[in-house]
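**Q** Quick one: the structure is below, and I'll ask about it shortly.
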Amino acid sequence: MKRELSGQQRRELKQKLQQQFNELSEKIRQELRESDNQSYIELAGKVHDQEEASLADLLVDINLAIVDLHIEEIREIEQALMRFPKGSYGICTDCGVDIDYQRLQINPAVKRCFDCQARYERTYQEKAHPTL
């Protein structure tokens, strides 16, 4: 049987979540600022043929995909932070078992225990492939 997180472990993980949130927010701001500096119009204005235009489109799409990934990570962190006051942080959302502390140290935003996450990934593995 797994044991519940101590107060110190909870504080440590919450601090780690807040730090990750701040770092990701700053990355998003920087990437959006950089994408403004290298906007599609600027890239497209410099292209001379269809291949270069396609490359410009791809670069813009990649930048937006990276921002989307960071936004999704922020959502997961926010959800984890909301579980603290409810008393459900560190508890698997699928089966209700305590999540191992070591697992939470690796990814403090995780919401499933190892077994439930493995089951989830097997069930939804076709949706895990990138669409870009």
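**Q** Anything in the stretch 59-92 that is loosely packed, with under 12 Cβ neighbours inside 10 Å and among the small types (Gly, Ala, Ser)? List them, or say none.
**A** Gly87, the sole residue that qualifies.
**Q** Tell me whether the stretch 46-62 contains one or more residues that are within 25 Å of the chain's Cα centre (by Cα), part of a helix (DSSP H, G or I), modelled with pLDDT under 95 and under 30 Å from Cys116 (Cβ atoms).
**A** Scanning the stretch 46-62 turns up no residue that is within 25 Å of the chain's Cα centre (by Cα), part of a helix (DSSP H, G or I), modelled with pLDDT under 95 and under 30 Å from Cys116 (Cβ atoms).
**Q** Condition first: outside any helix (DSSP H, G or I) and in contact with a Leu (Cβ under 8 Å, 6 or more places away or on another chain). Now tell me which residues in the stretch 66-94 satisfy that.
**A** Across the stretch 66-94, the qualifying residues are Tyr89, Gly90.
**Q** Separate question: Can you give me the number of residues within the stretch 104-118 that are within 17 Å of the chain's Cα centre (by Cα) and either part of a loop (DSSP other than H, G, I, E, B) or among the hydrophobic types (A, V, I, L, M, F, W, C) (or both)?
**A** 8
The values are calculated or read from the model by the stated rules, or taken from the named source; none is laboratory data. Just so you know, these numbers come straight off a predicted model, no measurement behind them. Note that we place each Cβ from the backbone using ideal geometry, even for glycine, and neighbour counts take in every protein chain shown.
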